[in-house]
1. Here is a list: 58, 66, 94. Which entry is closer than 18 Å to residue 41 by Cα and not acidic (Asp, Glu)?
2. What is the residue count in the stretch 15-34 for residues that are closer than 15 Å to residue 63 by Cβ and more than 15 Å from the chain's Cα centre (by Cα)?
3. Residue 11: open to solvent by 30 Å² or more (accessible area, probe 1.4 Å) and either modelled with pLDDT of 70 or more or within 12 Å of the chain's Cα centre (by Cα) (or both), yes or no?
4. Just one of 69, 56 is open to solvent by less than 60 Å² (accessible area, probe 1.4 Å) and assigned to a strand (DSSP E or B); which is it?
5. Can you say whether residue 83 is of a type in the set (Val, Ile, Thr), touching a residue at least 12 places away in the same chain (Cβ under 8 Å) and either within 15 Å of residue 3 (Cβ to Cβ) or surrounded by fewer than 16 Cβ atoms within 10 Å (Cβ to Cβ) (or both), as far as the supplied structure shows?
6. Identify, by number, the condition in (1) part of a helix (DSSP H, G or I); (2) at pLDDT 90 or above that residue 46 doesn't meet.
7. Tally the residues that are over 13 Å from residue 15 (Cα atoms), part of a loop (DSSP other than H, G, I, E, B) and in contact (Cβ under 8 Å) with a residue 12 or more places away in the chain, restricting the search to the stretch 87-96.
8. Which count do you get for residues in the stretch 14-38 that are touching a Phe, Trp or Tyr at 6+ places or on another chain (Cβ under 6 Å) and under 26 Å from residue 85 (Cβ atoms)?
Amino acid sequence: MAPEITPALRTLSFSANAFYSVECVEIYGTATEFVRTGDSGRKVHMYFCSTCGSTVYWKADASPSWIGVGVGSFADPAFAPPTMSVFEQSKHEWLQLGEAAEHFLDHPTGRD
């Protein structure tokens, strides 16, 4: 299934993510939760594999109808490229996504 949103994010590090509607995702198995608070004061709930420590998925209080998965988790070199670039105020100058992606200095509004 293709993700509904595929942004490239820059917070403390760079990541490419796929977001799906929570109704489209089935979660099973054991995960360890880590909660961090963003600059906005809202929380992001990160879920890690209890065995190897890899990030499996996350949910943000700011977008309760979405679940995020790192694109690298799919191990698919043909995975669709990002459709948006978020938090560009901290983007490295060498990273260019081109005009095919929407660009946002901060968190896009009106997406949930």
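1. On the way: 66 fails: closer than 18 Å to residue 41 by Cα; 94 fails: closer than 18 Å to residue 41 by Cα.
Among 58, 66, 94, only 58 is closer than 18 Å to residue 41 by Cα and not acidic (Asp, Glu).
2. Within the stretch 15-34, the subset closer than 15 Å to residue 63 by Cβ is 17-25.
Within this subset, residues satisfying the condition of being more than 15 Å from the chain's Cα centre (by Cα) are 23-24.
Qualifying residue count, the stretch 15-34: 2.
3. Working: open to solvent by 30 Å² or more (accessible area, probe 1.4 Å): yes; either modelled with pLDDT of 70 or more or within 12 Å of the chain's Cα centre (by Cα) (or both): yes.
For residue 11, the condition - open to solvent by 30 Å² or more (accessible area, probe 1.4 Å) and either modelled with pLDDT of 70 or more or within 12 Å of the chain's Cα centre (by Cα) (or both) - is met.
4. Values: 56 fails: open to solvent by less than 60 Å² (accessible area, probe 1.4 Å).
So the residue among 69, 56 that is open to solvent by less than 60 Å² (accessible area, probe 1.4 Å) and assigned to a strand (DSSP E or B) is 69.
5. On the way: of a type in the set (Val, Ile, Thr): yes; touching a residue at least 12 places away in the same chain (Cβ under 8 Å): yes; either within 15 Å of residue 3 (Cβ to Cβ) or surrounded by fewer than 16 Cβ atoms within 10 Å (Cβ to Cβ) (or both): yes.
Answer is yes for this residue.
6. Here residue 46 clears every test but (1).
7. Initially, the stretch 87-96 is screened for residues over 13 Å from residue 15 (Cα atoms), giving 89, 93-94, 96.
Within this subset, residues satisfying the condition of being part of a loop (DSSP other than H, G, I, E, B) are 93-94, 96.
Within this subset, residues satisfying the condition of being in contact (Cβ under 8 Å) with a residue 12 or more places away in the chain are none.
Residues that pass the stated criteria total 0.
8. The first filter runs over the stretch 14-38 and keeps only residues touching a Phe, Trp or Tyr at 6+ places or on another chain (Cβ under 6 Å), leaving 19, 31-33.
Applying the additional criterion that residues be under 26 Å from residue 85 (Cβ atoms) yields 19.
The qualifying residues number 1.
The values are calculated or read from the model by the stated rules, or taken from the named source; none is laboratory data. This is a predicted model, so every value here is computed, not measured. Counting neighbours? That spans all protein chains shown, and the Cβs are built from the backbone with ideal geometry, glycine included. Surface areas here come from the heavy atoms of the whole protein model, side chains and all, with no ligands, DNA or RNA. Shrake-Rupley method; radii C 1.70, N 1.55, O 1.52, S 1.80 Å.
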